[in-house]
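The values are calculated or read from the model by the stated rules, or taken from the named source; none is laboratory data. Only a predicted model underlies this, so the values are computations on that prediction, with no experimental measurement involved. Cβ sites come from the backbone with ideal geometry, for glycine too, and all protein chains shown count toward neighbours.
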Amino acid sequence: MEDIHTAWPRVLAVVTARALLALLIGLLLWALVPALFGWRTNVVMSGSMRPHIQVGDLVVTRPVSVDDLAPGQVVLVTDRLHPDRPLMHRLVRETPDGRLILRGDANKTADSDPVGIRDVRGVAVLRIPALGLPVVAAQQHHPTDLVLALAGLVVLVVVGCSSLRPVHPRRYWTSVRT
Amino acid sequence: MPERSSRQQDLRPAPGADPAVADHDGLVARWLNPRTVGVAAIIAGLLASAGLVWHESYSAFSATTSNSGNSWTGGTVQLSDDDSGGALFNASGLAPGSTGSQCISVTSTGTLPALIKLYGTSYATTRSLAAALNLTVTQGTGAGYGSCTGFTPLTAGATVFSGTLAGFATAHSTYGSGILAGGAGAWKTTGATSSRTYRFTYTMSPAAPTSTMGGTAAVGFTWESQNT
(Lines give C-alpha, C1' and ligand atoms only; values in the text may rest on other atoms or scores of the structure.)
Protein backbone atom coordinates (compact mmCIF):
# COMPACT_ATOMS: atom_id res chain seq x y z
CA MET A 1 0.00 0.00 0.00
CA GLU A 2 1.16 3.53 -0.71
CA ASP A 3 2.04 5.39 2.46
CA ILE A 4 3.51 8.77 3.27
CA HIS A 5 7.02 7.50 2.53
CA THR A 6 6.37 6.25 -0.98
CA ALA A 7 3.78 8.86 -2.00
CA TRP A 8 5.92 11.96 -1.70
CA PRO A 9 7.09 12.29 -5.35
CA ARG A 10 3.48 12.16 -6.51
CA VAL A 11 2.32 14.52 -3.77
CA LEU A 12 5.13 16.94 -4.59
CA ALA A 13 4.22 16.93 -8.30
CA VAL A 14 0.54 17.60 -7.60
CA VAL A 15 1.32 20.30 -5.04
CA THR A 16 3.78 22.01 -7.41
CA ALA A 17 1.31 21.90 -10.29
CA ARG A 18 -1.43 23.38 -8.11
CA ALA A 19 0.84 26.15 -6.87
CA LEU A 20 1.88 27.01 -10.44
CA LEU A 21 -1.73 26.97 -11.65
CA ALA A 22 -2.70 29.24 -8.76
CA LEU A 23 0.21 31.53 -9.69
CA LEU A 24 -0.99 31.70 -13.32
CA ILE A 25 -4.57 32.38 -12.27
CA GLY A 26 -3.40 35.00 -9.80
CA LEU A 27 -1.34 36.75 -12.50
CA LEU A 28 -4.32 36.60 -14.87
CA LEU A 29 -6.52 38.22 -12.22
CA TRP A 30 -3.99 41.03 -11.79
CA ALA A 31 -4.24 41.60 -15.53
CA LEU A 32 -8.03 41.40 -15.85
CA VAL A 33 -9.50 42.81 -12.64
CA PRO A 34 -8.14 46.39 -13.19
CA ALA A 35 -10.26 46.52 -16.38
CA LEU A 36 -13.34 46.52 -14.15
CA PHE A 37 -12.54 50.05 -13.02
CA GLY A 38 -11.47 51.41 -16.35
CA TRP A 39 -7.77 50.64 -16.33
CA ARG A 40 -6.15 49.12 -19.40
CA THR A 41 -3.88 46.15 -19.88
CA ASN A 42 -1.47 46.03 -22.84
CA VAL A 43 0.92 43.38 -24.11
CA VAL A 44 4.48 44.65 -24.61
CA MET A 45 5.45 43.82 -28.20
CA SER A 46 8.96 45.27 -28.53
CA GLY A 47 12.04 45.78 -26.42
CA SER A 48 12.48 49.54 -26.24
CA MET A 49 11.86 49.58 -22.46
CA ARG A 50 14.30 46.83 -21.63
CA PRO A 51 15.52 45.86 -19.12
CA HIS A 52 12.67 47.10 -16.90
CA ILE A 53 9.90 45.92 -19.21
CA GLN A 54 10.43 42.86 -21.37
CA VAL A 55 8.74 41.69 -24.54
CA GLY A 56 5.70 39.61 -23.56
CA ASP A 57 5.00 41.40 -20.29
CA LEU A 58 1.54 42.71 -19.56
CA VAL A 59 1.43 46.29 -18.31
CA VAL A 60 -1.61 47.76 -16.58
CA THR A 61 -2.09 51.51 -16.93
CA ARG A 62 -4.48 53.77 -15.08
CA PRO A 63 -5.93 57.00 -16.44
CA VAL A 64 -3.99 60.04 -15.30
CA SER A 65 -4.72 63.75 -15.20
CA VAL A 66 -2.21 66.03 -16.87
CA ASP A 67 -1.26 67.67 -13.55
CA ASP A 68 -0.20 64.35 -12.07
CA LEU A 69 2.33 63.57 -14.80
CA ALA A 70 5.93 63.64 -13.62
CA PRO A 71 9.28 62.87 -15.26
CA GLY A 72 10.32 59.28 -14.65
CA GLN A 73 6.83 57.88 -15.03
CA VAL A 74 6.17 55.29 -17.69
CA VAL A 75 3.29 56.52 -19.82
CA LEU A 76 1.13 54.94 -22.49
CA VAL A 77 0.47 57.30 -25.41
CA THR A 78 -1.15 57.23 -28.82
CA ASP A 79 1.63 57.18 -31.39
CA ARG A 80 0.61 59.50 -34.22
CA LEU A 81 2.95 57.61 -36.54
CA HIS A 82 1.31 54.28 -35.74
CA PRO A 83 -2.21 55.11 -34.51
CA ASP A 84 -3.14 51.44 -34.19
CA ARG A 85 -0.25 50.74 -31.85
CA PRO A 86 0.06 52.59 -28.53
CA LEU A 87 3.55 53.48 -27.35
CA MET A 88 4.87 52.97 -23.83
CA HIS A 89 7.95 55.01 -22.96
CA ARG A 90 9.30 56.90 -19.98
CA LEU A 91 8.51 60.59 -19.57
CA VAL A 92 11.69 62.67 -19.73
CA ARG A 93 10.42 66.25 -19.63
CA GLU A 94 7.83 68.69 -20.85
CA THR A 95 8.67 71.08 -23.69
CA PRO A 96 8.01 74.82 -23.29
CA ASP A 97 5.03 74.51 -25.65
CA GLY A 98 3.42 71.89 -23.41
CA ARG A 99 4.32 68.70 -25.23
CA LEU A 100 6.06 65.68 -23.77
CA ILE A 101 9.47 64.22 -24.56
CA LEU A 102 9.59 60.45 -24.01
CA ARG A 103 12.35 57.93 -24.18
CA GLY A 104 12.57 54.15 -24.25
CA ASP A 105 14.86 52.96 -21.46
CA ALA A 106 16.82 50.90 -24.00
CA ASN A 107 17.16 53.76 -26.48
CA LYS A 108 20.29 55.88 -26.59
CA THR A 109 18.32 59.04 -27.24
CA ALA A 110 14.90 60.44 -26.48
CA ASP A 111 12.12 60.05 -29.04
CA SER A 112 12.52 62.71 -31.72
CA ASP A 113 8.78 63.36 -32.00
CA PRO A 114 7.24 65.07 -28.94
CA VAL A 115 3.87 63.77 -27.82
CA GLY A 116 0.81 65.94 -27.27
CA ILE A 117 -0.69 65.96 -23.78
CA ARG A 118 -3.99 64.81 -25.25
CA ASP A 119 -2.35 61.67 -26.59
CA VAL A 120 -1.53 60.41 -23.10
CA ARG A 121 -3.75 57.45 -22.30
CA GLY A 122 -2.44 56.53 -18.89
CA VAL A 123 0.44 55.88 -16.57
CA ALA A 124 1.80 52.39 -15.98
CA VAL A 125 1.19 50.92 -12.53
CA LEU A 126 1.41 47.14 -12.73
CA ARG A 127 3.77 44.89 -14.61
CA ILE A 128 2.78 41.26 -14.99
CA PRO A 129 5.84 39.43 -16.27
CA ALA A 130 5.73 37.14 -19.31
CA LEU A 131 2.00 36.45 -19.27
CA GLY A 132 1.57 38.02 -22.72
CA LEU A 133 4.20 35.83 -24.40
CA PRO A 134 1.54 33.68 -26.13
CA VAL A 135 0.16 36.85 -27.74
CA VAL A 136 3.64 37.76 -28.96
CA ALA A 137 4.15 34.23 -30.31
CA ALA A 138 0.83 34.39 -32.14
CA GLN A 139 1.58 37.80 -33.63
CA GLN A 140 5.08 36.83 -34.70
CA HIS A 141 3.86 33.54 -36.16
CA HIS A 142 5.67 31.11 -33.89
CA PRO A 143 3.12 28.27 -33.68
CA THR A 144 5.56 25.87 -32.02
CA ASP A 145 5.91 28.18 -29.01
CA LEU A 146 2.13 28.38 -28.76
CA VAL A 147 1.74 24.60 -28.92
CA LEU A 148 4.47 24.14 -26.28
CA ALA A 149 2.79 26.66 -23.98
CA LEU A 150 -0.56 24.95 -24.44
CA ALA A 151 0.96 21.52 -23.82
CA GLY A 152 2.60 22.79 -20.64
CA LEU A 153 -0.73 24.18 -19.47
CA VAL A 154 -2.51 20.89 -20.16
CA VAL A 155 0.12 18.98 -18.16
CA LEU A 156 -0.25 21.45 -15.27
CA VAL A 157 -4.05 21.11 -15.30
CA VAL A 158 -4.01 17.30 -15.51
CA VAL A 159 -1.43 16.89 -12.76
CA GLY A 160 -2.87 19.68 -10.62
CA CYS A 161 -6.39 18.31 -10.79
CA SER A 162 -5.41 14.76 -9.86
CA SER A 163 -6.19 13.69 -6.31
CA LEU A 164 -3.82 14.01 -3.39
CA ARG A 165 -5.46 11.03 -1.69
CA PRO A 166 -3.38 7.92 -1.18
CA VAL A 167 -3.52 5.35 -3.92
CA HIS A 168 -4.76 1.88 -2.98
CA PRO A 169 -3.21 -0.71 -5.27
CA ARG A 170 -5.06 -3.48 -3.44
CA ARG A 171 -8.36 -2.31 -4.80
CA TYR A 172 -7.44 -3.38 -8.26
CA TRP A 173 -6.95 -7.04 -7.47
CA THR A 174 -8.43 -8.09 -4.13
CA SER A 175 -12.01 -7.65 -5.15
CA VAL A 176 -11.97 -10.31 -7.83
CA ARG A 177 -14.07 -13.28 -6.79
CA THR A 178 -14.59 -16.49 -8.59
CA MET B 1 -7.75 17.89 14.26
CA PRO B 2 -10.59 15.35 14.12
CA GLU B 3 -10.55 12.40 11.82
CA ARG B 4 -12.49 13.43 8.76
CA SER B 5 -12.53 10.37 6.62
CA SER B 6 -11.55 6.78 6.46
CA ARG B 7 -8.80 7.74 4.05
CA GLN B 8 -6.57 8.83 6.88
CA GLN B 9 -6.89 5.50 8.51
CA ASP B 10 -5.37 3.97 5.43
CA LEU B 11 -2.22 5.89 6.22
CA ARG B 12 -1.90 4.17 9.55
CA PRO B 13 0.60 1.38 9.80
CA ALA B 14 -0.46 -2.20 9.76
CA PRO B 15 -1.06 -3.89 13.15
CA GLY B 16 2.17 -5.07 14.64
CA ALA B 17 4.34 -2.33 13.09
CA ASP B 18 6.91 -0.42 15.14
CA PRO B 19 4.90 1.87 17.50
CA ALA B 20 7.43 4.71 17.05
CA VAL B 21 6.95 4.66 13.29
CA ALA B 22 3.22 4.47 13.80
CA ASP B 23 3.28 7.58 15.96
CA HIS B 24 5.36 9.48 13.45
CA ASP B 25 3.12 8.51 10.51
CA GLY B 26 0.04 9.47 12.47
CA LEU B 27 1.39 12.98 13.03
CA VAL B 28 2.44 13.39 9.42
CA ALA B 29 -0.96 12.16 8.29
CA ARG B 30 -2.71 14.68 10.52
CA TRP B 31 -0.71 17.71 9.47
CA LEU B 32 -0.09 16.76 5.88
CA ASN B 33 -3.59 15.63 5.07
CA PRO B 34 -4.49 16.03 1.37
CA ARG B 35 -6.90 18.92 1.79
CA THR B 36 -4.49 21.03 3.86
CA VAL B 37 -1.63 20.48 1.45
CA GLY B 38 -3.75 21.16 -1.65
CA VAL B 39 -5.18 24.39 -0.24
CA ALA B 40 -1.77 25.52 1.01
CA ALA B 41 -0.33 25.07 -2.49
CA ILE B 42 -3.06 27.23 -4.02
CA ILE B 43 -2.67 29.95 -1.39
CA ALA B 44 1.09 29.91 -1.91
CA GLY B 45 0.60 30.32 -5.68
CA LEU B 46 -1.78 33.24 -5.26
CA LEU B 47 0.50 34.94 -2.74
CA ALA B 48 3.42 34.44 -5.11
CA SER B 49 1.49 36.12 -7.95
CA ALA B 50 0.82 39.14 -5.74
CA GLY B 51 4.44 39.31 -4.65
CA LEU B 52 5.71 38.93 -8.18
CA VAL B 53 3.46 41.65 -9.61
CA TRP B 54 4.29 44.01 -6.75
CA HIS B 55 8.02 43.42 -7.07
CA GLU B 56 8.12 43.69 -10.86
CA SER B 57 5.93 46.80 -10.86
CA TYR B 58 8.01 48.44 -8.19
CA SER B 59 11.27 47.89 -10.05
CA ALA B 60 9.85 48.99 -13.40
CA PHE B 61 7.74 52.00 -12.51
CA SER B 62 9.00 53.63 -9.36
CA ALA B 63 12.42 54.45 -10.70
CA THR B 64 12.58 58.21 -10.99
CA THR B 65 15.52 58.13 -13.33
CA SER B 66 15.86 55.83 -16.29
CA ASN B 67 18.97 53.82 -16.93
CA SER B 68 21.76 55.19 -19.02
CA GLY B 69 20.74 53.34 -22.16
CA ASN B 70 23.16 51.44 -24.33
CA SER B 71 21.38 48.27 -23.25
CA TRP B 72 20.50 47.27 -26.77
CA THR B 73 19.62 43.65 -27.16
CA GLY B 74 17.88 41.44 -29.69
CA GLY B 75 14.20 41.65 -30.53
CA THR B 76 14.41 45.29 -31.39
CA VAL B 77 15.60 47.78 -33.97
CA GLN B 78 19.17 48.99 -34.07
CA LEU B 79 21.12 51.31 -36.29
CA SER B 80 24.78 52.13 -36.58
CA ASP B 81 27.06 54.07 -38.91
CA ASP B 82 30.72 53.91 -39.80
CA ASP B 83 31.86 57.42 -38.85
CA SER B 84 33.21 56.41 -35.41
CA GLY B 85 31.77 59.62 -34.04
CA GLY B 86 33.49 61.83 -36.61
CA ALA B 87 31.88 64.64 -38.55
CA LEU B 88 30.98 64.33 -42.22
CA PHE B 89 31.96 67.89 -43.10
CA ASN B 90 34.06 70.43 -41.35
CA ALA B 91 34.35 72.99 -44.10
CA SER B 92 35.64 76.50 -43.58
CA GLY B 93 36.52 79.40 -45.84
CA LEU B 94 33.59 78.69 -48.14
CA ALA B 95 33.07 80.99 -51.09
CA PRO B 96 30.23 81.06 -53.63
CA GLY B 97 30.69 77.97 -55.81
CA SER B 98 32.58 75.95 -53.17
CA THR B 99 31.52 72.32 -53.18
CA GLY B 100 32.31 69.04 -51.47
CA SER B 101 31.09 65.45 -51.16
CA GLN B 102 31.21 62.91 -48.38
CA CYS B 103 29.81 59.42 -47.89
CA ILE B 104 28.64 57.51 -44.86
CA SER B 105 27.44 53.93 -44.54
CA VAL B 106 24.48 53.16 -42.28
CA THR B 107 23.67 49.64 -41.12
CA SER B 108 20.46 48.34 -39.62
CA THR B 109 21.03 45.29 -37.43
CA GLY B 110 17.71 45.00 -35.63
CA THR B 111 15.68 41.81 -35.64
CA LEU B 112 12.29 43.44 -36.16
CA PRO B 113 10.92 44.86 -39.43
CA ALA B 114 11.69 48.55 -39.42
CA LEU B 115 11.42 51.74 -41.43
CA ILE B 116 14.44 54.04 -41.47
CA LYS B 117 14.22 57.79 -41.97
CA LEU B 118 16.73 60.63 -42.20
CA TYR B 119 16.36 63.98 -40.48
CA GLY B 120 18.43 66.87 -39.12
CA THR B 121 19.17 67.61 -35.47
CA SER B 122 20.86 70.44 -33.54
CA TYR B 123 20.43 72.79 -36.47
CA ALA B 124 22.05 76.19 -36.10
CA THR B 125 23.04 78.89 -38.55
CA THR B 126 24.21 82.49 -38.46
CA ARG B 127 23.91 85.12 -41.18
CA SER B 128 21.51 82.75 -43.00
CA LEU B 129 24.42 80.80 -44.41
CA ALA B 130 22.34 77.58 -44.39
CA ALA B 131 19.93 79.11 -46.87
CA ALA B 132 22.81 79.68 -49.29
CA LEU B 133 24.10 76.12 -49.05
CA ASN B 134 22.57 73.65 -51.48
CA LEU B 135 22.44 70.07 -50.25
CA THR B 136 21.92 66.89 -52.24
CA VAL B 137 21.59 63.55 -50.48
CA THR B 138 21.83 60.44 -52.64
CA GLN B 139 21.49 56.86 -51.43
CA GLY B 140 23.19 53.82 -52.86
CA THR B 141 25.66 51.06 -52.11
CA GLY B 142 29.42 50.74 -51.78
CA ALA B 143 31.94 53.22 -50.37
CA GLY B 144 31.67 54.46 -46.80
CA TYR B 145 32.85 57.10 -44.37
CA GLY B 146 35.85 59.04 -45.61
CA SER B 147 35.61 58.21 -49.30
CA CYS B 148 32.95 58.04 -51.98
CA THR B 149 35.05 55.86 -54.25
CA GLY B 150 32.91 52.98 -55.49
CA PHE B 151 29.61 54.62 -54.52
CA THR B 152 26.77 53.36 -56.74
CA PRO B 153 23.42 55.17 -56.52
CA LEU B 154 20.28 53.08 -56.32
CA THR B 155 18.69 52.52 -59.73
CA ALA B 156 15.34 53.83 -58.47
CA GLY B 157 14.62 56.39 -55.78
CA ALA B 158 18.26 57.37 -55.35
CA THR B 159 17.59 61.02 -54.48
CA VAL B 160 16.78 61.43 -50.82
CA PHE B 161 16.91 65.22 -50.67
CA SER B 162 17.66 68.11 -52.95
CA GLY B 163 17.34 71.67 -51.70
CA THR B 164 18.96 74.06 -49.25
CA LEU B 165 20.49 73.02 -45.96
CA ALA B 166 18.07 75.37 -44.20
CA GLY B 167 15.15 73.74 -45.98
CA PHE B 168 16.36 70.28 -44.97
CA ALA B 169 16.88 71.14 -41.33
CA THR B 170 13.64 73.05 -40.81
CA ALA B 171 11.34 70.66 -42.67
CA HIS B 172 12.86 67.43 -41.39
CA SER B 173 13.71 67.59 -37.69
CA THR B 174 12.06 64.50 -36.18
CA TYR B 175 11.34 60.92 -37.15
CA GLY B 176 7.75 61.88 -37.87
CA SER B 177 8.85 64.56 -40.31
CA GLY B 178 11.91 62.61 -41.43
CA ILE B 179 12.64 61.83 -45.04
CA LEU B 180 11.38 58.56 -46.32
CA ALA B 181 12.72 58.53 -49.85
CA GLY B 182 9.57 57.64 -51.70
CA GLY B 183 8.60 54.51 -53.58
CA ALA B 184 11.42 52.14 -54.40
CA GLY B 185 13.86 54.30 -52.45
CA ALA B 186 12.23 53.80 -49.03
CA TRP B 187 14.44 51.85 -46.67
CA LYS B 188 12.38 49.11 -45.10
CA THR B 189 14.05 46.20 -43.38
CA THR B 190 12.49 42.81 -42.82
CA GLY B 191 14.40 42.23 -39.60
CA ALA B 192 17.59 41.14 -41.37
CA THR B 193 20.78 43.19 -41.45
CA SER B 194 20.91 45.70 -44.28
CA SER B 195 23.14 48.62 -45.20
CA ARG B 196 22.94 51.74 -47.28
CA THR B 197 25.46 54.36 -48.19
CA TYR B 198 24.48 58.01 -48.30
CA ARG B 199 26.37 60.59 -50.31
CA PHE B 200 26.07 64.18 -49.14
CA THR B 201 27.04 66.93 -51.56
CA TYR B 202 27.02 70.60 -50.63
CA THR B 203 27.48 73.54 -52.91
CA MET B 204 27.58 77.11 -51.84
CA SER B 205 25.22 78.96 -54.11
CA PRO B 206 27.08 81.16 -56.63
CA ALA B 207 24.32 83.68 -56.01
CA ALA B 208 24.90 83.73 -52.25
CA PRO B 209 24.37 87.27 -50.93
CA THR B 210 27.34 89.02 -49.38
CA SER B 211 25.38 89.13 -46.12
CA THR B 212 26.25 85.46 -45.61
CA MET B 213 29.95 86.26 -45.36
CA GLY B 214 31.34 85.12 -42.03
CA GLY B 215 28.22 83.04 -41.39
CA THR B 216 28.14 79.53 -39.95
CA ALA B 217 25.89 76.53 -40.39
CA ALA B 218 25.72 73.26 -38.46
CA VAL B 219 23.38 70.31 -38.55
CA GLY B 220 23.53 66.70 -37.42
CA PHE B 221 22.33 64.12 -39.90
CA THR B 222 20.36 61.55 -37.97
CA TRP B 223 18.95 58.24 -39.11
CA GLU B 224 16.28 56.68 -37.01
CA SER B 225 14.83 53.22 -37.25
CA GLN B 226 11.40 52.38 -35.88
CA ASN B 227 9.67 49.05 -35.76
CA THR B 228 6.86 48.94 -38.33
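Computed values, structure above
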| read-out | value |
| --- | --- |
| Tally of residues being among the hydrophobic types (A, V, I, L, M, F, W, C), modelled with pLDDT under 85 and either out of contact with any His (no Cβ under 7 Å at 6 or more places or on another chain) or farther than 23 Å from A:V60 by Cα (or both) across segment B:38-62 | 1 |
| Residue match in segment A:12-23 (condition: touching a strand residue (DSSP E or B) at 6+ places or on another chain (Cβ under 6 Å), touching a residue at least 12 places away in the same chain (Cβ under 8 Å) and more than 8 Å from every other protein chain (Cβ to nearest Cβ)) | no |
| Residue that is surrounded by the most Cβ atoms within 10 Å (Cβ to Cβ), among those in segment A:24-56 that are farther than 28 Å from A:V155 by Cα and at the interface with chain B (Cβ under 9 Å from one of its Cβ atoms) | A:I53 |
| Residue in segment B:85-96 that is in contact (Cβ under 8 Å) with a residue 60 or more places away in the chain and exposed (fewer than 13 other Cβ atoms within 10 Å of the Cβ) present | yes |
| Qualifying residue in segment B:98-116 (condition: surrounded by fewer than 17 Cβ atoms within 10 Å (Cβ to Cβ), in contact with a Pro (Cβ under 7 Å, 6 or more places away or on another chain) and at negative phi) | no |
| Any chance A:A130 is within 10 Å of chain B (Cβ to nearest Cβ), in contact with a strand residue (DSSP E or B) (Cβ under 9 Å, 6 or more places away or on another chain), at pLDDT 90 or above and outside any loop (DSSP other than H, G, I, E, B) | no |
| Residue count, segment A:102-124 (criterion: under 22 Å from the mean Cα position of the chain (by Cα), of a type in the set (K, R) and under 20 Å from B:T121 (Cβ atoms)) | 0 |
| Positions within segment A:74-124 being within 7 Å of chain B (Cβ to nearest Cβ) and surrounded by 18 or more Cβ atoms within 10 Å (Cβ to Cβ), in sequence order | A:V74, A:R90, A:R103, A:D105, A:A106, A:N107, A:S112, A:D113, A:A124 |
| A:Q140 being polar (S, T, N, Q), within 27 Å of A:G56 (Cβ to Cβ) and at pLDDT below 90 | yes |
| Residue list for segment B:38-62, restricted to those being surrounded by fewer than 18 Cβ atoms within 10 Å (Cβ to Cβ) and either under 29 Å from A:P71 (Cα atoms) or more than 7 Å from chain A (Cβ to nearest Cβ) (or both) | B:V39, B:A40, B:I43, B:L47, B:A50, B:G51, B:W54, B:H55, B:Y58, B:S59, B:S62 |
